[in-house]
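Some notes on the structure that comes next.
The values are calculated or read from the model by the stated rules, or taken from the named source; none is laboratory data. Note that the coordinates shown come from a computational prediction; the quantities given were computed from them, not determined experimentally. When we count neighbours, we look across all protein chains shown, and the Cβ atoms used for this are built from the backbone with ideal geometry, even at glycine. The area values use the complete protein model at the heavy-atom level, side chains included, leaving out ligands, DNA and RNA. Shrake-Rupley method; radii C 1.70, N 1.55, O 1.52, S 1.80 Å.
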Amino acid sequence: MTGVLITAEGVEGSGKSTQLLRLSEHLRRLGLPLVVSKEPGGTALGREIRTLLLTPHPSGEAWCAEAELMLFYADRAQHLAQVIRPAIEAGKIVLIDRFEDSTRAYQGASGVSEHVLDRLHELVVGRLKPHLTLLLDMDPEVSLQRVEVRNLSLGDEFKETRFDQAHLEFHRRVRARFLAIALGDPTRVAVVPARDAPEAVEQAIWHRVAPLLRNAGFAVE
Ligand SMILES: Nc1ncnc2c1ncn2[C@@H]1O[C@H](COP(=O)(O)OP(=O)(O)OP(=O)(O)O)[C@@H](O)[C@H]1O
Ligand SMILES: [Mg+2]
């Protein structure tokens, strides 16, 4: 049996990590073989790249768009080689917190051209495609407020990543790009309204995940 790749996407604070945790707990209760990971930083070396990407440098120098993009793809190449491809080949269910669509949405909104994105995609990801992408969709004005509350409760260490500081307008463009991706690939991408209560979002997600797993031969009641 071949595995199943499911990715969670959406603007910051839309509930990706919350929902993947709920989904993974559910799948573990069912005794299903599971790998849960995230991007950037799904491998030991990738976590070094994550730090490079998300920690502002004391010099004030920032990555130019192309360098940033290639760091994301270096992280992804390592993640695919070390974690994602082996797990799929081993017949596991693979859940990833952010993947390709985040690169397309964020780096696209930062001005990287579709052409460049397509070329790196071809080089690193090739024909691999998630079986299902859960796009947690909501207005970033509300989701960024959630992030603020979350980060305050987490303390200094996790306060404001570099991406959190960008403006609301940028996040609105990111959301629009996610929705455009969904529109262009409706069989892969499920748009899940993310403003509802966590339990309702969890149900909507299960509604999409259960039939997929059943069809792939996993024992889902
Ligand atoms: N449906 C919901 N309703 C209200 N609050 C929620 C909901 N889902 C998650 N939250 C809260 O909102 C905050 C952000 O959620 P979470 O960290 O899961 O989002 P995320 O999409 O993973 O964000 P990021 O992109 O920053 O990783 C958390 O404090 C979480 O507890
Ligand atoms: Mg998260």
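Overview of results
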{"item": "Nitroxide proxy distance, nm - points 7 Å out along Cα→Cβ at A65 and Q145", "result": "3.1"}
{"item": "With Cα atoms, 0 to 90° folded angle of helix 198-215 axis to the chain main axis", "result": "50"}
{"item": "Amide H partners (placed H, <5 Å) of V189, local residues excluded", "result": "T133"}
{"item": "Which of H207, H131, H26, H115 is most accessible, then next, and so on - probe 1.4 Å", "result": "H207, H115, H131, H26"}
{"item": "Packing-based ranking, highest mean first, of 57-66, 134-143, 28-37 given that Cβ atoms within 10 Å are counted", "result": "134-143, 28-37, 57-66"}
{"item": "FRET efficiency, L52 to A81 (Cβ-Cβ, R0 25 Å, nearest 0.05)", "result": "0.85"}
{"item": "Rh (Kirkwood; distinct C-alpha pairs) - the stretch 78-138, Å", "result": "13.0"}
{"item": "Largest-first ellipsoid semi-axes for the stretch 164-221, taking √(5λ) over the Cα gyration tensor eigenvalues, angstrom", "result": "28, 15, 8"}
{"item": "Rounded FRET efficiency, nearest 0.05, which uses the C-beta distance separating R188 from L123 and R0 of 22 Å", "result": "0.60"}
{"item": "Two-site FRET efficiency, R172 against H115, from Cβ-Cβ distance with R₀ of 25 Å, rounded to 0.05", "result": "0.55"}
{"item": "Rg over Rh, two decimals, the stretch 38-116 (C-alpha only, Kirkwood Rh)", "result": "1.01"}
{"item": "Convex hull volume per residue for the chain, taking Cα atoms only, in Å³", "result": "126"}
{"item": "Residue-normalised accessible area of the chain, expressed per residue, 1.4 Å probe, Å²", "result": "52"}
{"item": "Apportionment of accessible area to carbon and sulfur, the stretch 4-215, percent (1.4 Å)", "result": "55"}
{"item": "Nitroxide proxy distance, nm - points 7 Å out along Cα→Cβ at E199 and L152", "result": "2.6"}
{"item": "Top positive-direction residue, dipole computed over the stretch 4-215 with Cβ charges, set G46, G184, Y73", "result": "G184"}
{"item": "Among S24, S102, S113, residue whose mean-square fluctuation peaks in a GNM of the chain (springs only between Cα atoms under 10 Å)", "result": "S113"}
